[in-house]
Amino acid sequence: MEWCLPHDIDLEGVEFKSMASGSHRVQSDFIYFRKGQYFGLACFANMSVESELERGARMKSVGILSPSYTLLYKYMHFLEKQVRHQLEIPGHYSHLEAFFEDKKGVLPAGKGVSAYQQPPVHWLPSIHRYMYPEMKITHPAGCMSQFIKFFGEQILVLWKFALLRKRILIFSPPPVGVVCYRVYCCCCLANVSLPGIGGSVPESKPFFYVNVADIETLDTEVSYVACTTEKIFEDKRDLYDVYVDNQNVKTHHEHLQPLLKVNSADREKYRGLNDQRQMLIYSQEVDGDCGSCEEDLFVLFFMEQNNRIFQTLLEVSASQDKSLTAEHARSMGLDPQGDRSFLMDLLEVYGIDVMLVIDNPCCP
């Protein structure tokens with residue numbers, strides 16, 4: 001760490017977060033990360049230099065911290081420009097100092113600030129509020145479509161794990177910026193807008209990029225979505241429930257194994273999502289409707305699925321016999337047999353009192 005403002009903020013370990021392990025293999029990258037109660041965005045760049053001392057390459061990251069990650073994207077261009085400036089003219093910080101003076105009001109910090117004055121951590125907006133525009137992280141056009149294309153039908157597997165608030169760790173070699181967007185997309189799968197749902201359930205926390213310096217923190221978390229470039233995490237099974245390597249979604253928990261299988265209801269949902277995307281693309285081409293956003297469509301599609309499931313579960317739990325039948329499962333867009341294990345986990349995680357009578361209606 002060669003420079004920071006304010007000087008009295010605790011930035012221990014931030015150098016490992018703002019420069020991903022393996023970054024020397026890429027020319028440029030950006031990284032979202034979490035540092036204590038703040039979120040960070042750093043831009044990395046790598047430049048060849050004729051210097052034996054620097055072993056032929058100069059690598060730097062310039063980053064910012066904020067209580068919320070949703071507005072960090074606004075400063076991406078500034079950070080990209082500044083990291084290039086730091087590579088070409090090292091040690092000149094006047095632009096960064098001016099930036100801090102201009103923006104410091106949005107980031108209360110320093111050792112003198114007491115705990116109750118600290119801003120709350122904004123993971124995802126409250127389920128009682130509608131999510132636009134607070135939730136938008138804003139990303140290169142097509143981030144959501146890339147997520148869908150990359151995982152295909154597997155997004156329905158990720159959806160179930162996200163809804164169950166499992167600890168999801170995504171591995172990928174650098175560049176890590178696009179993988180940070182996958183973390184965000186994954187969290188978008190688990191939104192519910194019904195009041196009274198999820199109050200006792202851990203929040204879906206986007207931790208973004210993590211490395212070995214975060215092991216102690218992750219060890220205490222009961223739910224998160226994160227990404228890493230460090231393969232060593234795969235062996236640390238006590239830190240995660242679900243491990244995603246490229247498009248391969250894995251879990252070492254035997255009771256979660258059935259959730260890895262894509263069933264007929266999942267395929268139907270995936271077709272429905274793609275049909276809606278095609279209609280959106282068509283309306284944009286024909287009507288010039290640029291107001292409709294693929295991100296909105298994606299978030300709303302899964303929110304509607306989630307709302308339908310929980311609405312049905314709440315209605316059944318309020319009924320006299322509390323019996324959840326195969327017909328109920330189908331009405332929620334689930335496969336009565338293929339999703340039985342998922343439903344049982346869902347009822348347990350969210351504390352919903354119903355009797356599953358799918359296998360044998362006479363013997364709950």
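Scanning the stretch 1-50 for residues that are surrounded by fewer than 16 Cβ atoms within 10 Å (Cβ to Cβ), modelled with pLDDT under 85 and not in a loop (DSSP other than H, G, I, E, B) yields 24, 25, 48.
Restricting 111, 103 to residues that are surrounded by 11 or more Cβ atoms within 10 Å (Cβ to Cβ), out of contact with any Leu (no Cβ under 7 Å at 6 or more places or on another chain) and modelled with pLDDT under 90 narrows the list to 103. In the stretch 315-340, of all residues being more than 14 Å from residue 266 (Cα to Cα) and part of a helix (DSSP H, G or I), the one that is least open to solvent (accessible area, probe 1.4 Å) corresponds to 316. Candidates 65, 72, 53, 79: the one that is at pLDDT below 80 and either over 25 Å from residue 175 (Cα atoms) or not assigned by the TED database to the domain that holds residue 179 (or both) is 53. The single condition among (1) touching a Lys or Arg at 6+ places or on another chain (Cβ under 8 Å); (2) more than 20 Å from residue 14 (Cβ to Cβ) that residue 255 does not satisfy is (1).
The values are calculated or read from the model by the stated rules, or taken from the named source; none is laboratory data. Just so we're clear, the structure is a prediction, and the values are computed from it rather than from any experiment. In this analysis, Cβ positions are derived from the backbone assuming ideal geometry, glycine residues included, and neighbour counts consider all displayed protein chains. Just so you know, the surface numbers come from the protein's heavy atoms only, side chains and all, with ligands and any DNA or RNA stripped out. Shrake-Rupley method; radii C 1.70, N 1.55, O 1.52, S 1.80 Å.
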